[in-house]
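This report concerns only the one structure given below.
The values are calculated or read from the model by the stated rules, or taken from the named source; none is laboratory data. As the structure is a prediction and not an experimental result, all values here were calculated from the model. We place every Cβ from the backbone using ideal geometry, glycine too, and count neighbours over all the protein chains shown. Please note that ligands, DNA and RNA were not included when accessible areas were found on the heavy atoms of the full protein model with its side chains. Shrake-Rupley method; radii C 1.70, N 1.55, O 1.52, S 1.80 Å.
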Amino acid sequence: MPAARVQWIDFCRVYTAFFVVLRHVDRTYGTVNYVVDLFNYRSLIFFFFLMSGYFTRQPGAGEWLGLRRARQLAVPYVFWVLAGMLVAYSPHIGQGDWGWLTWQGVVSQLGLSSWCYWSYSNVPLWFLRTLILLALVSPLLHRLPVKVLLSLGLVCFAASDVLCNVDLEAATANFRPEHGQGWLPFRLYESVLALGFFCGGIALRRLADTERLTRWVSAYAWVPVLGALALLPYVLGWGFYPPVQSSSLVLLGVATTMGIGCLCSRYLPRLCSAVAKLGPAAFFVYVTHYPILDMVRYTLTGSIEGHLSPELCYVLPFLIFGSCIGLFYLLRRICPAFLRTFALCK
């Protein structure tokens, strides 16, 4: 992020982090959680990819690979995957014994031996793994003209839709989660879509600084919100889930998130300001909520795979999110160096 933070964008970061937590709590069909999650059109994480592209720095002269940024992202990635493994596979909390602690097991958990992503310890962190690769090639992308970046983004959107359909067919026919099979390009189609949004973010920064971007989004803030609400009954009725099957729906969801941020800034400025102050904690919430949720689920059900009651599902997103925020501020007070290294918090 730049030195001068943008309030509505920080609001969107916190808003997105909260709904990522809600997404990972059980969502029974037809419940409020399910409908609210569907309204986002699986766009949440792609807002982060768009903003990551928007705020990625210009490369220096002769810089062709973003090695420095990739290393910065790799450190928290490795740390939080290993932390998740300790929770998910601990004999006291998770799935069994320490038999997973082998080089092959660690490489698999880090997603280095396969792009499939089905282990409990690292499901949310596919975002960070993909972002490392995008950071690595960002200097190359910055050298592309705006028209080429936008064209590449559209190609990625189309390719994601095709890969997702192949993925769903493979999942239906061959799903073997215990062997990492089925969903053959699992996360691949989302990573391709992430590249599209990342390119879009770089192109958007060329076209508009943050002040102009704010004016643009504010001028049309109601349009995507009303569009998302209008389409929701049809998407829900058709059972079109996950809506990531359609990159156009994901794009609508990203625009809706940005519209909500600007509308809140305009009509609820105090609320927007209060939420935006939590912006520096958004990344920390993302990397810590899953292990915390695993521990809570184990405590309540006796298994990290246990199902929670609908009543708990309404409350837990707030409790998990609040726990992550509380832990963030505790660490900021007692060990800020930890946050700088493992939560990218300046």
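Given the structure, is Tyr29 touching a Lys or Arg at 6+ places or on another chain (Cβ under 8 Å) and among the aromatic types (Phe, Trp, Tyr)? So Tyr29 does not fit the description; no. When you check Leu271 against the structure, is it over 14 Å from Phe18 (Cβ atoms), in a helix (DSSP H, G or I) and modelled with pLDDT of 95 or more, yes or no? No. Scanning the stretch 304-328 for residues that are over 20 Å from Arg13 (Cβ atoms), open to solvent by 40 Å² or more (accessible area, probe 1.4 Å) and of a type in the set (Gly, Ala, Ser) yields a single hit, Ser309.
For Glu190, are the conditions met, namely being under 22 Å from Tyr54 (Cβ atoms) and at pLDDT below 95? Yes.
Looking at the stretch 238-259, is at least one residue outside any helix (DSSP H, G or I) and crowded, with 19+ Cβ neighbours inside 10 Å? Within the stretch 238-259, none of the residues are outside any helix (DSSP H, G or I) and crowded, with 19+ Cβ neighbours inside 10 Å. All conditions but one from (1) at pLDDT below 95; (2) under 19 Å from Ile260 (Cβ atoms) apply to Val225; the one that does not is (1). Just the residues that are over 30 Å from Ser138 (Cβ atoms) and of a type in the set (Val, Ile, Thr), please, taken from the stretch 29-53. Listed by number, the residues that qualify are Thr31, Val32, Val35, Val36.
I'd like the full set of residues that are open to solvent by less than 20 Å² (accessible area, probe 1.4 Å), modelled with pLDDT of 85 or more and not small (Gly, Ala, Ser), limited to the stretch 12-39. Passing the criteria: Cys12, Val14, Thr16, Val20, Val21, Leu22, Val25. Filtered by the rule that a residue be surrounded by 13 or more Cβ atoms within 10 Å (Cβ to Cβ) and free of Cβ contacts under 8 Å to residues at least 60 places away in the same chain, the stretch 288-302 gives Ile292, Val296, Arg297, Leu300, Thr301. Residue by residue through the stretch 71-89, note down the ones that are more than 17 Å from Ile292 (Cα to Cα) and out of contact with any helix residue (DSSP H, G or I) (no Cβ under 7 Å at 6 or more places or on another chain). Of everything in the stretch 71-89, those that are more than 17 Å from Ile292 (Cα to Cα) and out of contact with any helix residue (DSSP H, G or I) (no Cβ under 7 Å at 6 or more places or on another chain) turn out to be Arg71, Gln72, Val78.
Tallying residues that are in contact (Cβ under 8 Å) with a residue 60 or more places away in the chain and either closer than 16 Å to Val20 by Cβ or open to solvent by less than 50 Å² (accessible area, probe 1.4 Å) (or both) within the stretch 329-346 yields 3.
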